[in-house]
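None of the figures in this text is laboratory data; all of them are computed from the coordinates on show. The shown structure was predicted, so the numbers you read here are calculated from the model rather than taken from an experiment. No Cβ is skipped: glycine too gets one built from the backbone with ideal geometry, and neighbour counts run over all protein chains shown.
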Amino acid sequence: MGTMFQLRVSMECSERVELKKNVERNCPHGEVEAGLLVWDKGFVAKEKFDVVLVADCLFCAHLHSELLHTILELMHAGSKCLVLAPKRKGTLDKFLALLEQRKGELTYSVTQSVTEEFDKKLEAVKKSPFFKPDEHQPYLITISPSIVKAKS
Ligand SMILES: C[S@@+](CC[C@H](N)C(=O)[O-])C[C@H]1O[C@@H](n2cnc3c(N)ncnc32)[C@H](O)[C@@H]1O
């Protein structure tokens, strides 16, 4: 039995054209839909997703509460959010502190291991003289909501 996944991708305006081209090139049958999503405290999700992926988006600590609000808005009670980010100048720890404050609404865990394949590739990358752990060593935060909708 085949399974069809529909994937939604968000991006900032400047990256829109490039990502749209990538999506058209790699998924010509419409399996992937790309659109703009701006983190905002007033954001109201029109639909909820089983999995929310957040790749390298913690670098602006002053936007963490907007980002977290947006993440929680996109989730239903059974969703999972996977956040992958490096420590980068204390920004990961600041986001973890925010998650800790919101523990009534969500549960979370953090690990340095992602998948076996990813970890193996990272070991090779770490040998590069350009590898800076603070900027390049990713951590995986998994967030699940305790309640459907978060208060801001
Ligand atoms: C370091 S990039 C990561 C891009 C991509 N996820 C990746 O891993 O290649 C951080 C992204 O956050 C986006 N961003 C920053 N502030 C944002 C906001 N308020 N709403 C939506 N996206 C934002 C930037 O446009 C950028 O695409």
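Mind listing which trypsin sites (Lys or Arg not before Pro) in the stretch 30-105 are in a DSSP loop and have 13 or fewer other Cβ atoms within 10 Å? Spell out each step's value before the answer.
Working: sites: Lys41, Lys46, Lys48, Lys80, Lys87, Arg88, Lys89, Lys94, Arg102, Lys103; in loops: Lys41, Lys46, Lys48, Lys87, Arg88, Lys89, Arg102, Lys103.
In loop regions of the stretch 30-105 (DSSP not H, G, I, E or B), the sparsely surrounded trypsin sites (Lys or Arg not before Pro) are Lys41, Lys46, Lys89, Lys103.
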Whichever lysines have a C-alpha closer than 29 Å to that of Lys126, once near sequence neighbours (fewer than 8 apart) are set aside: Lys80, Lys87, Lys89, Lys94
In Hz, Karplus ³J(HN,Hα) per residue of the stretch 101-118 (6.51, -1.76, 1.60; θ = phi - 60°; x = Gly, Pro): 5, 9, 4, x, 9, 8, 10, 8, 9, 9, 9, 8, 9, 9, 9, 4, 5, 4
Check Gln137: other-chain or 5+ apart residues with amide H under 5 Å from its amide H, H built from backbone geometry? Lys87
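Which GluC sites (Glu not before Pro) from the stretch 43-152 combine a DSSP loop assignment with at most 12 other Cβ atoms within 10 Å? Working shown, then result.
On the way: sites: Glu47, Glu66, Glu73, Glu100, Glu105, Glu116, Glu117, Glu123, Glu135; in loops: Glu47, Glu105.
Within the stretch 43-152, the qualifying GluC sites (Glu not before Pro) (loop, at most 12 other Cβ atoms within 10 Å) are Glu47.
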Given Cβ charges of +1 for Lys and Arg and -1 for Asp and Glu, the option among Ala124, Leu96, Ser65 whose Cα lies farthest towards the positive end of the dipole of the stretch 64-135 is Ala124
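Can you give the extra length, in nm with one decimal, that the chain gains between Lys89 and His136 once fully stretched, where that is 0.36 nm per residue apart less the Cα-Cα distance?
Working: separation 47, 0.36 × 47 = 16.92 nm, distance 1.15 nm.
In short, 15.8 nm is gained.
Which of the chymotrypsin sites (Phe, Trp or Tyr not before Pro) across the stretch 32-133 are loop residues per DSSP, with 15 or fewer other Cβ within 10 Å?
When the chymotrypsin sites (Phe, Trp or Tyr not before Pro) of the stretch 32-133 are filtered for loop state and at most 15 Cβ neighbours within 10 Å, Phe59, Phe130, Phe131 remain.
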